[in-house]
Amino acid sequence: MRSGRLPGLSGIHSTRWQNPAAVSLKLKVECYAGYKADERPLRFTPQTGKARTYEVQEVLDQWYGVGYTCFKVRADDGHTYILRHEDEADVWSLDSYRQNPPTPN
């Protein structure tokens with residue numbers, strides 16, 4: 001697996017899953033709202049200086065905790081992210097990031 005820097009997230013490097021306590025970064029998230037609000041994320045933007053918006057290509061997993069929901073997603077850059085939604089506060093954060101190896105052409 002390659003080491004790398006998250007585009008738009010200066011100072012965060014990853015070759016494996018990052019510790020959630022070390023990464024927790026606020027996000028602006030646009031969601032699909034079907035039978036309930038914030039059913040699944042469609043795109044997210046880190047709340048940093050010049051961060052880009054990432055399109056969610058696939059929701060790989062979803063789980064619930066007391067007062068929060070997590071989504072494991074693959075974004076348009078090919079990397080995997082765990083997004084956390086705090087239900088009561090309606091706050092989104094990046095819990096983890098994993099840089100996936102490039103796909104062969």
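The values are calculated or read from the model by the stated rules, or taken from the named source; none is laboratory data. No experiment lies behind these values; they were computed from the predicted model shown. All Cβ positions, even for glycine, are placed from backbone atoms using ideal geometry, and neighbour counts span all protein chains on display.
Brief remarks follow.
- Matching residues, the range 31-54, being surrounded by fewer than 14 Cβ atoms within 10 Å (Cβ to Cβ) and assigned to a strand (DSSP E or B): Tyr32
- Taking the range 56-105 as the range and being out of contact with any helix residue (DSSP H, G or I) (no Cβ under 9 Å at 6 or more places or on another chain), closer than 14 Å to Leu27 by Cβ and surrounded by 15 or more Cβ atoms within 10 Å (Cβ to Cβ) as the test, the residues that pass are Val56, Tyr68, Thr69, Cys70, Phe71, Val73, Ala75, Tyr81, Leu83, His85, Trp92.
- Within the range 56-103, the residues that satisfy the criterion of being of a type in the set (Asp, Glu) and within 17 Å of Thr45 (Cβ to Cβ) are Asp76, Asp77, Asp90, Asp95.
- Count of residues meeting criterion [more than 11 Å from Thr80 (Cβ to Cβ) and outside any strand (DSSP E or B)] in the range 90-100: 1
- Filtered residues of the range 1-36 (kept if under 20 Å from Ala89 (Cα atoms) and modelled with pLDDT of 75 or more): Leu25, Lys26, Leu27, Lys28, Val29, Glu30, Cys31, Tyr32, Ala33, Lys36
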